[in-house]
Amino acid sequence: HKPSFVLQDVTVYEFNISQPNLLTSNLQVTLSSHNPNDKIGILYDRLDIYASYRNQEVTMANLLPETYQGHLDVAVWSPVLIGSAISVEPYLTPALNDDINAGMVLLNIKIDGCVKWKVGTWVSGCYRLLVNCPASIPFSGQLAGTGPAIKDQLAQQCAVDV
């Protein structure tokens, strides 16, 4: 069985759109993975994590550490995701500004990488792992630039494809 992922929380330190179409963001996410198998271990290898807005990557990909997950085990990661003046498609800027002004932005925290299965001493080849965690981030007016961090407890189930 494939692992399950949960986006536990997102802390937003900075989220600022400036002209022309540049987004600067600084987020920390906490997510966990559960191995549902009682006889199969999971090796996570070369996992890139990033945030996207309407299918456009808005932070740089961050490489998660290689992790072995034993039978029925849980792994937790808390990476920082940073985008410094990331160019946003011009058609997205009005929508993003509208979402910020409305007080809610839907980001997707995504993982793209390799998963291997381990049974005893045998290790499988690499299978592509795609994880998509929707995160509705509440925004107050003061966070449209830099300001006090906003931590949002989500406990949001993620979609997982292997």
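Filter segment 47-69 down to the residues that are open to solvent by 10 Å² or more (accessible area, probe 1.4 Å), touching a residue at least 24 places away in the same chain (Cβ under 8 Å) and in a strand (DSSP E or B) and list them by number. Hits for segment 47-69 are D48, Y50, Q56, E57, T67, Y68. Considering segment 119-149, the residues that are modelled with pLDDT under 85 and either in contact with a Phe, Trp or Tyr (Cβ under 7 Å, 6 or more places away or on another chain) or not in a strand (DSSP E or B) (or both) include one that is surrounded by the most Cβ atoms within 10 Å (Cβ to Cβ), namely L143. In this structure, A75 does not satisfy being among the small types (G, A, S) and more than 20 Å from D161 (Cβ to Cβ).
Taken together, L107, L92, L64 contain a single residue that is touching a Leu at 6+ places or on another chain (Cβ under 7 Å) and under 23 Å from T24 (Cβ atoms), which is L64. A residue that is aliphatic (A, V, I, L, M) and under 16 Å from I150 (Cβ atoms) can be found somewhere in segment 36-52. L72 - would you say it is at pLDDT 95 or above, open to solvent by less than 50 Å² (accessible area, probe 1.4 Å) and among the aliphatic types (A, V, I, L, M)? Against the criterion (at pLDDT 95 or above, open to solvent by less than 50 Å² (accessible area, probe 1.4 Å) and among the aliphatic types (A, V, I, L, M)), L72 does not qualify. For segment 1-46, a tally of residues being of a type in the set (S, T, N, Q), buried (at least 18 other Cβ atoms within 10 Å of the Cβ) and in contact with a helix residue (DSSP H, G or I) (Cβ under 8 Å, 6 or more places away or on another chain) returns 0.
The values are calculated or read from the model by the stated rules, or taken from the named source; none is laboratory data. All figures in this text were calculated on a predicted structure; none of them were measured in a lab. Neighbour counts run over all protein chains shown; Cβ positions are idealised from the backbone, glycine included. In case anyone asks, the SASA skips ligands and DNA or RNA and just uses the protein heavy atoms, side chains included. Shrake-Rupley method; radii C 1.70, N 1.55, O 1.52, S 1.80 Å.
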